[in-house]
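Nothing in this text is a laboratory measurement; each read-out follows from the coordinates by a stated rule. Source: prediction; values computed, not measured. When we count neighbours, we look across all protein chains shown, and the Cβ atoms used for this are built from the backbone with ideal geometry, even at glycine.
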Amino acid sequence: MIPRAEGWVDFSAVKRRVSLEAVLRHYQSPDSFRAHLTRNVFQCFACQARGNVLGFVAAMEQCSIREAALRLQQWFGMSAAGRLYPAAADRQNQKLVRKEEGSNPPLRFALTGVETNHPYLAQRGIDPATAAEFGVGFYPGPGLMSGCIVIPIYNPHGQLVAYAGRALDGQSPKYKVPAGFRKTPELFNLQRAVATGSKTVIVVEGYFDCMRVHQAGFPWVVALMGSSLSVQQAALLGHFPGVVLMLDGDMAGRTASQAIAARLSGWRSLQVVRVPDDSQPDQLSSSAIRRLLAAVGCLNEGAMVKQKP
């Protein structure tokens, strides 16, 4: 456990006294890594992280900015007592840290050469038009996503914030996301769902679930990128008066559906679709998806959902 130096972190002193060059010696940097040692900033095109020395350590250690500063103070023999912020300034600094920890900055680049006609997509039932619309495809270039099916992730403002990578040929891990990417403030496909003007949103677990439901005629669908609903994601669902949960049909999906339904019990309209046992939406045909959604009153002509009396 890294000592907390009585709770004080001198962010300014850490950035001033610890050079990026010194920290780089602490790690082995990948080929796709670029650093500007004079400006003390970096960018990694493989994991998509960038920033100053604090951001670099946070990305490498997968920790908060505060924890990164504490580690640097310890590694380089700095004493937090050497220069302390006044209480008010420290509180303001913590607000800035919390703000940085709670969002994903927009990417300043986009992957090129993505092959949207890869056979794997057809195997998963994704047609070329859907792949092109979502920007999903095989990425043959260098970096973390090399050799993966890449899936662009956008924030609620429609800004590209990350790529998820689906490994092929049984490689592990099955899915990759960049170091430092935070799932909790994002809902996959939210920008398209909101743009439809629908009063209802369908919530699924995974990227391919989302694309298959979209492809079945329901573009007002979002994915949790997992089976849990964060506080931020629940707030984003506030764009829609009606919510339809369509999680996987395994035990984890059933349990998550019950937990999320309980949390959203005060919603104006809430429906739960029972996906067949041990199945998931991306394994169903478009007609099967439409039947399941029609059974709870969700129609692809207008996303009409039964309302609570």
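Worth pointing out:
- Taking 0.36 nm per residue of sequence separation and removing the Cα-Cα distance, the Ala179/Ala129 pair yields an extension gain of 15.0 nm.
- Distance between the modelled labels on Ala294 and Ser103, one decimal in nanometres: 4.4 nm (7 Å Cα→Cβ projection).
- Spin-label model, Asp278/Ala195: points 7 Å from Cα along the beta carbon direction are separated by 3.9 nm.
- If you count Lys pairs in the range 173-309 whose Cα atoms are under 28 Å apart, skipping same-chain pairs closer than 8 places in sequence, the total is 4.
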